[in-house]
Amino acid sequence: MLRKLNADTDTPRKDTPPAQQSTHIATDNIAADYSTGHTTRLLYQTVGPFEVTGKLPNQDPSKCNAYYLKNIGTGKVTPHNVRDILPYISSEACAAKTDDDAHQGALTAPPAMNPGVDDSFDPQAGDWLLLPNFGGVKYHLLKVVERLGDRVKAWYYNTPNSKRLTLFRSVYSHASKPEIQSNRKPTQKGYSPHVDTIPIADFNQTTYSHKHISSTKAGYKLNRKEVDRVLSYHPLTASM
């Protein structure tokens, strides 16, 4: 492994040649005054482990102080001075440790979660839902008005915003006139909230978090990451 000199606790080491094919830890080269123990960086740091693969060429065998090290994790080979190299464990012990760590990781890792299933999904009045692929757009925003068994009565919210993230307003419909998107009930006669009764299976199968929707004078604003999260929970029925 590689490590950096700690000015408070470390003392200079002798340049001891590492054994080839053994496993070591090492440090990046840093500006240091070994007579005083002062360095340009104070943080203790190690990297590795590395396998010693050989000496650098054109060196006096009796004074060799630089070696090639192969990073066991990445396979990359780089040269390092012997003063920056510390013994770690043998190659055999390192391989055994790696296998043991992998086994322990498999035993302790949490069970994999399926991002498309929310077992707690149980929409109730006041919850926000996304209805995907309806009316020629990627999704609509709806607010649950009432739960009716395996269906919900929900109020549509629509937006003129092409990115469908801002300006969501309540939809009011008319029997013979275009819908109106407004934060207030229209003054024109004949308009009423656009509320439909829809199977829960048709919605993305998780609720849109209340903390990721904000109300402004211009309309409701959504959060892109939260939208993407909700859309990853696909409806149980075919696209509408």
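Every number here is computed from the coordinates shown, using simple stated rules; none is lab data. All values reported here derive from a predicted model rather than from experimental measurement. Cβ: placed from backbone, ideal geometry, glycine included. Neighbour counts: every protein chain shown.
Key figures for this structure:
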{"read-out": "Region 181-224, residues that are aliphatic (A, V, I, L, M) and in contact with a His (Cβ under 8 Å, 6 or more places away or on another chain)", "value": "L222"}
{"read-out": "Matching entry among A218, A154, A125 (being of a type in the set (G, A, S), in contact with an Asp or Glu (Cβ under 9 Å, 6 or more places away or on another chain) and in contact (Cβ under 8 Å) with a residue 24 or more places away in the chain)", "value": "A154"}
